[in-house]
Amino acid sequence: MASARSRRDLIHRRLSHGFEHFGGTVAGRHREPFLERGLRSEASHVLRRIVHATPRTSRMRVGRDKGVVWTTDSKLLGLDEPYLHLNSEVRSVFRIDLDHVFPSWAALRQEVADLSLPCLPSVAVGFEDEAGRIERPHLLWLLPYNEGVWFSDDRRCRRDVMSLWRGVHAGITKTLMPLGADPGALSNPDKVKCPLSPFWSVQVWNEVTFPSLSEWAGWVDTSTSRDRMIRDSAAALSGLERTASNALFAAAQTLAFGTLREWHHAADADYAGAILRRDRDALAERMFRALVGRVSAAASNPKQGQAILYRVATYAADHWDPSRAGRDGSRDRGACADAVEDVQGVAARQAVGARYAAGLRRSRSADAIREAIEAARAAGEAVTVSGIARRSGMDRKTVRANWPDEESAA
């Protein structure tokens, strides 16, 4: 009874007085005391849709730090927190995490408008510093009203529609990679910087256009490989050439999976807690802290090594499957676990695995061909199919099938 009265008092004070922060560290930085009156959801029907996109109060998860979440007993109070998990069973929002700092909201808006997308995001949310710079914002695109996609093990749930939703999300991310879109965030699509929280700056850019899944499929590449995007993103973030980036990525990846295996078999408490909470962000953050010294020392430029590790930690946390954690590292770690989580039956899962393996071979072949082309150019040789086949050790048919679209052969 006392807790119920206390909650009612807090809600009444929130509605009558506003949100008051008394100072302290929130979302990784110190915030001075401030007061924000009213509710942000009153400003736009798009922001009210964010309220509807959250699960019921008993299943709602919020937090004041990227790696720490808890449940709440009041949706009104929970929506004041900076981090929010949207409804994962009915997905109506595409969240894109931009890992860059932009000079202003206007500059970010113009850069997004210049891309080949059907519309601006409905909402942009992030931290705005005293100089007006925007740090690592989230962009939110909403599906049309009542067209959220049902994700469930229920037999009535459409697997093809779930797959299309994932493909569209990956395709939007790929389009936004020039602006620093983080492909690792695809593994946790429902966790957002809450635009209703007084701790963030928020922009509402689009209140009228909400493309459907089929409309999105006509604008973006729905067959995008998340693994390839992560490697491309790591190379861009580090500024290294592709060959050097791939080599450092592979070395850091071996360290990351080895560390996860050690934590798993040692029953490490922090590791076990992150696995139980399914908090891949916390797992990636701890992995980065554990390995940053070793990777920085191994790289010719420590900052480039850290940039690679940042992506590798996300990649490893996303792909780690504790149930397949062989001590010798020889067993599959569930690289396509996300693709089969909604697939029923052994044969169907094996088919997904076969398609994944074939795609991985194609991706590796394409990388090897690009590296051979770069080596041939560096040696002053003509770039021909036969010459690249000799350099890469592949047959001419494989080289032709995986020849980069942007390259021409003499």
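The values are calculated or read from the model by the stated rules, or taken from the named source; none is laboratory data. Keep in mind the model is a prediction, meaning the values are calculated, not measured. With ideal geometry, Cβ positions are generated from the backbone for all residues, glycine too; neighbour counts draw on all protein chains shown. Note: areas computed on protein heavy atoms with side chains; ligands, DNA, RNA excluded. Shrake-Rupley method; radii C 1.70, N 1.55, O 1.52, S 1.80 Å.
Here Kirkwood radius over Cα pairs in Å was calculated from the structure, and among (i) 28.1; (ii) 23.3; (iii) 21.9 it sits at label (ii). With a Förster radius of 30 Å applied to the beta-carbon distance between ASP153 and VAL51, the computed FRET efficiency rounds to 0.65. Note on LYS174: lysines with a C-alpha under 20 Å away, same-chain residues under 8 apart excluded, are LYS191. From the alpha carbon centroid of the stretch 98-114 to that of the stretch 228-261 is 26 Å. Calculated accessible area for the stretch 102-176 comes out at 47 Å² per residue, all protein chains present (probe 1.4 Å; ligands, DNA, RNA ignored). Within the accessible area of the stretch 1-148, the carbon and sulfur atoms contribute 49%, probe 1.4 Å, all protein chains present. Here the translational diffusion coefficient of the stretch 86-224 follows from Stokes-Einstein with Rh set to the Kirkwood radius across Cα pairs; for 20 °C and 1.002 mPa s it amounts to 139 µm²/s.
The heavy atoms of ILE11 present about 50 square angstrom of accessible area, all protein chains included, probe 1.4 Å. Within the chain, the longest run free of exposed loop sites, counting chymotrypsin sites (Phe, Trp or Tyr not before Pro) that sit outside DSSP helix and strand states (H, G, I, E, B) and have at most 15 other Cβ atoms within 10 Å, spans 146-410. Considering only LEU140, LEU79, LEU108, the Gaussian network model of the chain with Cα springs below 10 Å gives its largest mean-square fluctuation to LEU108. Taking label positions 7 Å along the Cα-Cβ direction at both LYS303 and ALA247, the computed distance is 2.2 nm, reported to one decimal.
Take every Cα pair under 8 Å whose residues are at least 6 apart in sequence, average their separation, divide by the length of the chain, and the relative contact order is 12 percent. Overall, the accessible surface of the stretch 160-305 at a probe of 1.4 angstrom is composed of carbon and sulfur to the extent of 52 percent.
In this structure the stretch 220-293 gives 47 Å² per residue of accessible area when probed at 1.4 Å with all protein chains present. Would you please classify the overall shape of the stretch 1-137 from the alpha carbon gyration tensor, given that a ≥ b ≥ c denote the square roots of the eigenvalues, rounded means a/c under 1.5, and beyond that prolate means a/b larger than b/c while oblate covers the rest? In terms of gyration-tensor shape, prolate. Answer rounded, prolate or oblate for the stretch 1-64, using the Cα gyration tensor with square roots of eigenvalues a ≥ b ≥ c: rounded when a/c is under 1.5, else prolate when a/b is larger than b/c, else oblate. In terms of gyration-tensor shape, rounded. Taking each residue as 0.36 nm, the span from THR254 to ARG14 lengthens on full extension beyond its C-alpha to C-alpha distance by 81.5 nm. Each of VAL292, VAL149, GLY239 was scored by the projection of its Cα onto the charge dipole of the chain, and the greatest displacement toward the positive side belongs to VAL149; charges sit on the C-beta of Lys, Arg, Asp and Glu. Among rounded, prolate and oblate, which fits the stretch 75-164 when a ≥ b ≥ c are the square roots of the eigenvalues of its C-alpha gyration tensor, a/c under 1.5 means rounded, and a/b larger than b/c means prolate? Note, shape of the stretch 75-164 comes out oblate.
Averaging the sequence gap over all C-alpha pairs within less than 8 Å and six or more residues apart, then dividing by the number of residues, gives the stretch 65-163 a relative contact order of 31 percent.
Between GLU135, GLU381, GLU89, find the one with the highest GNM mean-square fluctuation for the chain; connect C-alpha pairs within less than 10 Å. Highest fluctuation of the listed residues: GLU381.
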